Structures are given as structure tokens and as C-alpha cells.
Amino acid sequence: MAKISTSDFRNGINIILDGEIYTINEFQHVKPGKGPAFVRTKLKGVENSKNIDKTFRSGESVESIRVERQPYQFLYAEGDMFFFMHQETYEQIPLERSRVDNPKFITDGLICTLVVDVDNEKVLYAQPPDQIEAEVIETDPGVKGDTAQGGSKPATISGGAVIQVPLFIDTGEIIRVDTRTGEYLERAKSK
């Protein structure tokens, strides 16, 4: 792990702070009229998803860490373990449920992103794509004349998540869902 100075801060760099890994989302060098310069940052926790604001003295050093995002295919879940496979090497990696973002949106065969600490060769967490296509497994039947602006109803999609969908969506339809917010986006286009 390398030490970097506050002058080396860039958006997207990962640093270690109080034993946790954080990504720099925003930074601003501030030179007040009085007193020493400092760097104001907004950080997002890689493993804990906490958002924090932190101020560093100008020239202060912190440890940086190299993190890579790699595509892995979800194979299956067994108990509290999720199993992913690398697409080229066919290496399988088990991961605890607590280290999987939004597991309710992950279905068999889905290509997910595994975030890996390169220096320690440790998988930090897995996350599904920002948008997925999922089948509506269960919902109340749609009624003729229902429109997109007419309201919403709960629907269970493949993977087990329950989301709000427009009244015209029926069981068996394929829909597009935003996994970050859990919101219905649109019907999936027919192939």
C-alpha cells in the first residue's frame, strides 16, 4: 500500500481511513485568507457504504489502496453463501450474503461486479448491474383501461424482490428495474 499526499487526491481514488476503505467522491483544495490550507473531501465507504465528510490538512499523507472491479457470473446461493464464477478462468468464489449489495435482485446467470482489493487479493463485495431485466412472478391481475399514470401495485420479481409496478403489468411479463433504488423503469423490449 502506497502513501499519497492530499495533493494527489483525485475522484475515484481509494484510501484507508480508520481501518476502513473509502472512495474519494469529491475533493476541494481550500486556501483561506488566514491559517493553513486544507482539503475538504466527501468519501463513500467501499465495504460499509457510509458517506462521510472529512477534512485533511494540506500535505497530509494517507494510505491508498488499489481496487479493481471484475465481472463475475452468479451461479447459485446456498444458505448464507453466494457463489460467483469468473467468465474466463472459471474460478468460483464464495461470498457471504452480508457482502452482496441488494441480493434480492440477483438471479441465476446474472453478470455482477466483484470489487477486489488487488494488493491483498481479497474480494470486498459484489453488486448487481445498475439495471436488470426480471420476470414478474406474482402480482394482482391488470385491469383493462389501467394506464401508466393510474397508480401502482406490489409485484414480486424473480430473485424475490417486491417492487411497485404500474397497474397494467401482469404476471409473466419481463420488466426493467433499477437495482440501486428498487424502482420499476419500463417493460423490457421484445426481442
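I need Tyr125, Tyr76, Tyr184 ordered by Cβ neighbour count within 10 Å, fewest first. The partial results should precede the final answer.
Numbers: Tyr125 18, Tyr76 11, Tyr184 21.
If I rank by nearby Cβ atoms, fewest first, I get Tyr76, Tyr125, Tyr184.
Can you sort Ile4, Ile24, Ile132 from fewest to most other Cβ atoms within 10 Å of each residue's own Cβ?
Ranked by crowding around the Cβ, least crowded first: Ile4, Ile24, Ile132.
For every other residue with a beta carbon closer than 11 angstrom to the beta carbon of Gln131, add +1 if it is Lys or Arg and -1 if Asp or Glu, then tell me the sum.
Surrounding charge for Gln131 is -3.
Can you list the HN-Hα couplings for region 158-174, worked out from phi with the Karplus curve (6.51, -1.76, 1.60; θ = phi - 60°), rounded to whole Hz and with x for Gly and Pro?
Working through the residues one at a time gives 4, x, x, 6, 10, 10, 8, 10, x, 5, 7, 6, 10, 4, x, 6, 9 Hz.
How large is ³J(HN,Hα), in whole Hz, for each residue of region 103-115 in order, when computed from phi with the Karplus curve 6.51 cos²θ - 1.76 cosθ + 1.60 and θ = phi - 60°, using x for Gly and Pro?
Each residue of region 103-115 in turn: x, 5, 9, 8, 10, 3, x, 5, 7, 10, 9, 9, 9 Hz.
Out of every Cα-Cα pair in region 2-65, what percent are more than 13 Å apart? The partial results should precede the final answer.
Numbers: 1198 of 2016 pairs.
Of all Cα-Cα pairs in region 2-65, 59 percent lie more than 13 Å apart.
Identify all lysines with a Cα-Cα distance to Lys34 below 24 Å; exclude those on the same chain that are fewer than 8 residues away in sequence.
Cross-link targets: Lys42, Lys54.
So, in nm, how far is label Asp130 from label Ala2 when the simple model puts each one 7 Å beyond its Cα toward the Cβ?
Those two pseudo-labels are separated by 2.8 nm.
Sequence-distant or interchain residues sharing an amide H contact under 5 Å with Arg66, placed H: which?
Sorted by chain and number, the residues that satisfy this are Val118, Asp119.
Want the number for Lys31 to Gln164: 0.36 nm per residue separation, take away the alpha-carbon distance, what's left?
43.1 nm
Whole number please: convex hull volume per residue of the Cα set in the chain, in Å³?
Hull volume normalised by residue count: 162 Å³.
Values quoted throughout were computed directly from the atomic coordinates according to the rules given, and no laboratory measurement underlies them. Computed from a predicted structure; not experimentally measured. Backbone-built Cβ (ideal geometry, glycine too); neighbour counts: all protein chains shown.
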